[in-house]
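The values are calculated or read from the model by the stated rules, or taken from the named source; none is laboratory data. Being a predicted model, the structure only gives us computed values, none of them experimental. Quick note on the areas: whole protein, heavy atoms, side chains included, nothing else; ligands and nucleic acids left out. Shrake-Rupley method; radii C 1.70, N 1.55, O 1.52, S 1.80 Å.
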Amino acid sequence: MPLATSTLPCFFSNLRHPFHAIMNTKPSVAPATDPGSAFKLLLASPSGIPRSRVYVDFSAAYDRIPHPDAKLEESVNEIWTQRLQENPSLYNGQKFRYGGSILHMGNGVDQESSVCLHLGLTDYRTFVGTNLNPSWEMFLVPSEDDIIRCQHTSSPLGNGAVVETSDKKILVLQRSNNVGEFPGYFVFPGGHSEPLEVGISAHQAEKSEIINEKVSQEMFDGIIREVVEEIGVPAHSLTEPVFIGISRRDLNVRPTAFFFVSCNLDSKEIYQLYSKAQDGYESTQLYAVSRDALAQMSLKMPGCHRGGPISTNHQIWILKIEERVGTL
């Protein structure tokens, strides 16, 4: 059966046995009033910024500040202990913490823009105990400054990829009903860049430009790794990612960095690979959607993904980014 070429989403199942596809199937979507879909766009670069102009300032200055309320702070340990009792296999992995950014806009059409990401260290335990704490709002500081407002939260910087296929479809996953956060929601492939991938387990006594460079490279290597693991496509089929922005989900104030990536495979080829994806257990379905259909699907995305720059004006974003990719 040939893949559908209309503007309706193409639906792919991650079932291992047997392969099957349901074409021209519209996914159900949640109303726009879903509180989990609300977001704030923290940073945006419409034409995309290549790796050579994405810098990192990795420093303990951007680590989380403990909350002055001792009882609230102790709840971080209490919640983690409870989670471990429920699931002893939980791993307290380290993550990069988002501590702000500075965008330098170029002249004219943004051809020379650059960005510096301010990153610290955090871990999964602290994320569960602050951002995912039932009392997470108590960790926030009343402030118009987003960094001050979130200074007591873990705020690990997630990543997401807007992947466009050779037949001009955008890849969207539907999360498994067994995952802890937002089961059944639509998401872009992504996860986190990992400190241990570049040998970071703690801050050094002195700041190092070499470390900053390694962390910056991991921002780009990490998103390629996530796409390969979650979609199943080979790394050589993907273009060098370009950075397009950071969005933050209002619920639990969770930030995500977004990248645009082109894949030289078409939807049918990707479907075959997805069925064998390494991290396929996190999702159950893959959609290859038109740019128009993506706007509807975004209504049932977590805010950290719905707020990706693509959803603000996806056709303009992708057209500008495609032009940029062609000149890199």
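Tabulated results
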quantity: Given K71/K95; K168/K300; K40/K207; K40/K95, the pairs whose alpha carbons are separated by over 28 Å; calculated: K40/K207
quantity: Mean-position separation - Cα centroids, the stretch 54-109 and the stretch 127-194, in angstrom; calculated: 12
quantity: For the stretch 84-194, convex hull volume per residue from C-alpha positions, Å³; calculated: 165
quantity: Heavy atoms of L265: accessible area, 1.4 Å probe, square angstrom to 10; calculated: 30
quantity: Cα-based reach from K214 at 17 Å (exclusive), listing aspartates and glutamates while leaving out same-chain residues under 8 positions away; calculated: D57, E194, E197, E206, E240
